[in-house]
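A.B. asks: This is the structure, below, for whatever I ask next.
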Amino acid sequence: MVWNEKAECMEKEEKEQMQLERLQNTVKKAYENVPFYTKKFDEAGITPDDIKTLKDIEKIPFTTKEDLRDTYPFGLFAVPDDEIVEIHSSSGTTGKPVVSGYTEKDLDIWGEVIARAINMANGKKHDRIQNAYGYGLFTGGFGIHHGASKFGATLIPISAGNTKRQIEILKDFQSTILTCTPSYALYLAESLEKAGVSLDEINLKSGIFGAEMWTEAMRKQLEEKLGILALNIYGLTEVMGPGVAIECPEKNGLHINDDHFYPEIIDPKTGASLEEGETGELVFTTLTRDGMPILRYRTKDLTSLIKGKCDCGRTTVRMTRITGRTDDMLKIKGVKVFPSQIEKALLNVEGTSGNYQIIVTRPDLLDEVEVKVEVSREVFSDEIRKLELIEKKITSAIRSEIGIRAEVTLCEPESLPRSEGKAVRVIDKRGLDKG
């Protein structure tokens, strides 16, 4: 059953007409109420009247994260201050934080798209959702919170961290849906096993995991260790938060809620639009955002789009799993490397866990890469010869995936740093730009 059949199963012609009308309204609102966009349009020599077709969106200048930082904190708000009822922001670890403002209408839309996500995770009204995303300025916790309220399920707002308490709640409250980052979900699974808690003692059926990139190999581990359906959710503070896109049980791409968020794929170097199926940088335009409309925001995420009806019956455009980012790409010995490639390689080797760390150095003139990988407790206590064999397999798998050799170091279980938020996978000690 689909949560919002009219919106999620709309025919192509009807949807495109709706998207065009909403795009035109959004462009007009942004131009008339946000000085930043007024200036952008004037400099580009266009007006809202120039947007006559969906293709005309390409006339609109891009918005970047730098633009959002330059207008910090409230320079992109399109409504009076008294209409903004909630504010969120990014951490600002790499510069000024990105601020996002919401009206009551925005919160209702946010709740709607998360309700669709809960429904895709086989959610029912009687379900108990253990929300282990962080609350506060981070959008994760509150996004799920608004959606659970809209959906009508029981929410357990435990927030991130306090793993011992998380386990108690899983057992005592019999939570049925878990929401958190995939790396923390894997850590919870390890912690359950370490505490001697069997799957029979908990009642999880689904997990909604996002806020960081993860692979099919990690999904397989999560589903096996927790006995659940593990689905990928996508969102970003600049556009709304979690709920921009979510997988259905078919796991054939994430359904973008394209009645609210219009996607494009562009060549990250030229900015030119790419065709369906081509991999490039994901760009979003909000179609219904009230407090802070965003036009052609460059996400820096690399993916491709899938159009046409999904086997689940939905007609919303889908995006493939994020393969990397234009800004987290590492150039090592002249080769472009994404952390997701290394993760894919090592998780396909039996005996490894989902915890790893990539360390890049340049001690002399050449780059060196070390990949620290935790192995399972059984493997670590095995004889040296078997450990050496696994190390060789990982080294070979990484070389096959990225084309260069990495020094592999096997680590004992739980020895690498854990994160309750986004996992820190890469430590680049070269002091270089990643370009």
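A.B. asks: Please identify, among A185, A211, A272, the residue showing maximal mean-square fluctuation in a Gaussian network model of the chain using a 10 angstrom Cα cutoff.
C.D. replies: A272
A.B. asks: Quote the charge dipole size of the stretch 21-92 about the Cα centre in Debye, to the nearest 20; the model charges only the Cβ of Lys and Arg (+1) and of Asp and Glu (-1).
C.D. replies: The dipole of the stretch 21-92 has a size of about 260 debye.
A.B. asks: Between E212 and D172, what FRET efficiency follows from the Cβ-Cβ distance if R0 is 25 Å, with the result rounded to 0.05?
C.D. replies: With R0 = 25 Å, the Cβ-Cβ based efficiency is 0.30.
A.B. asks: To check my understanding: the extent here is largest minus smallest coordinate of the Cα atoms along each principal axis. What are those three numbers for the chain, in Å, largest first?
C.D. replies: Result, largest extent first: 72, 58, 39 Å.
A.B. asks: How large is the accessible surface per residue of the chain, computed with a 1.4 Å probe and reported in Å² as a whole number?
C.D. replies: The answer is 44 Å² per residue.
A.B. asks: Computed FRET efficiency, Cβ-Cβ of E11 and Y72, R0 45 Å: what is it to the nearest 0.05?
C.D. replies: The pair E11/Y72 has a calculated efficiency of 0.65.
A.B. asks: Shifting gears a bit: Compute the length gained on full extension between V85 and E412: take 0.36 nm times their separation in residues and subtract their Cα-Cα distance, giving the result in nm to one decimal.
C.D. replies: Going from the current span to full extension adds 113.0 nm.
A.B. asks: On to the next question. Hey, got the dipole for the chain? About the Cα centre, +1 on K and R Cβ, -1 on D and E Cβ, debye to the nearest 20?
C.D. replies: So the magnitude is around 580 debye.
A.B. asks: Taking the stretch 300-435 on its own, what percent of its Cα-Cα pair distances exceed 17 Å?
C.D. replies: So the pairs more than 17 Å apart make up 64 percent of the total in the stretch 300-435.
A.B. asks: Say a paramagnetic label sat at a point 7 Å from the Cα of L387, along Cα to Cβ; which residues of the stretch 337-353 have their backbone N under 19 Å from it?
C.D. replies: Hits in the stretch 337-353 for L387 at 19 Å: 349-353.
A.B. asks: I've got another one for you. Comparing G210, G141, G403, which has the greatest mean-square fluctuation in the GNM of the chain with Cα pairs linked when under 10 Å apart?
C.D. replies: Fluctuation is largest for G403.
A.B. asks: Taking amide H atoms as placed 1.01 Å from N in the peptide plane, list the residues 5 or more away in sequence, or in a different chain, whose amide H sits under 5 Å from that of G324.
C.D. replies: L302
A.B. asks: Would the stretch 351-417 count as rounded, prolate or oblate if I go by the C-alpha gyration tensor, calling it rounded below 1.5 in a/c and otherwise prolate when a/b exceeds b/c, oblate otherwise?
C.D. replies: Taking the square roots of the gyration eigenvalues as a ≥ b ≥ c, the stretch 351-417 is prolate.
A.B. asks: To continue, here is another question. Charges only on Cβ, +1 for Lys and Arg, -1 for Asp and Glu: so what's the dipole of the stretch 333-395 about the Cα centre, in debye to the nearest 20?
C.D. replies: 220
A.B. asks: Still on this structure, please answer the following. What is the calculated FRET efficiency for R399 to D108, with r their C-beta to C-beta distance and R₀ = 51 Å, to the nearest 0.05?
C.D. replies: 0.50
A.B. asks: In units of 2.2 N^0.38 Å, what is the alpha-carbon radius of gyration of the stretch 234-317?
C.D. replies: Normalised Cα radius of gyration, the stretch 234-317: 1.06.
A.B. asks: Using amide H atoms built in the peptide plane, which far-off residues or other-chain residues are under 5 Å from D367 H to H?
C.D. replies: Those qualifying (amide H under 5 Å, at least 5 residues apart or on another chain) are K333.
A.B. asks: Need one word for the stretch 1-93: rounded, prolate or oblate. Basis is the Cα gyration tensor (sqrt eigenvalues a ≥ b ≥ c); a/c below 1.5 gives rounded, then a/b vs b/c decides.
C.D. replies: Since a/c reaches 1.5 but b/c is at least a/b, the shape of the stretch 1-93 is classed as oblate.
A.B. asks: Could you give the nm distance between label points at K269 and D56, where each point is 7 Å from its Cα heading toward the beta carbon?
C.D. replies: Result: 3.2 nm between the two label points.
A.B. asks: With no solvent and one equal point scatterer per Cα, compute the Debye intensity ratio I(q)/I(0) for the stretch 41-90 at 0.20, 0.21, 0.23 Å⁻¹ and report its log10, rounded to two decimals.
C.D. replies: Result of the Debye calculation: -0.90, -0.93, -0.97.
A.B. asks: Let me ask another. Take the Cα of V2, step 7 Å along the line toward its Cβ, and report every residue of the stretch 294-335 whose backbone nitrogen sits under 16 Å from that point.
C.D. replies: In the stretch 294-335, the label zone of V2 (backbone N under 16 Å from the point 7 Å along Cα→Cβ) covers 307-319.
A.B. asks: For the charge dipole of the chain, defined by +1 on Lys and Arg C-beta atoms and -1 on Asp and Glu C-beta atoms about the Cα centroid, which residue among W214, G141, F261 has the Cα displaced farthest towards the positive pole?
C.D. replies: W214
A.B. asks: So for the pair T47, K333, with labels modelled 7 Å out along Cα→Cβ, what separation do we get in nm?
C.D. replies: 5.9
The values are calculated or read from the model by the stated rules, or taken from the named source; none is laboratory data. Bear in mind that the values here come from a model prediction, so they are computed numbers and not experimental data. Counting neighbours? That spans all protein chains shown, and the Cβs are built from the backbone with ideal geometry, glycine included. What goes into the accessible areas is simple: the full protein's heavy atoms, side chains included, and nothing from ligands, DNA or RNA. Shrake-Rupley method; radii C 1.70, N 1.55, O 1.52, S 1.80 Å.
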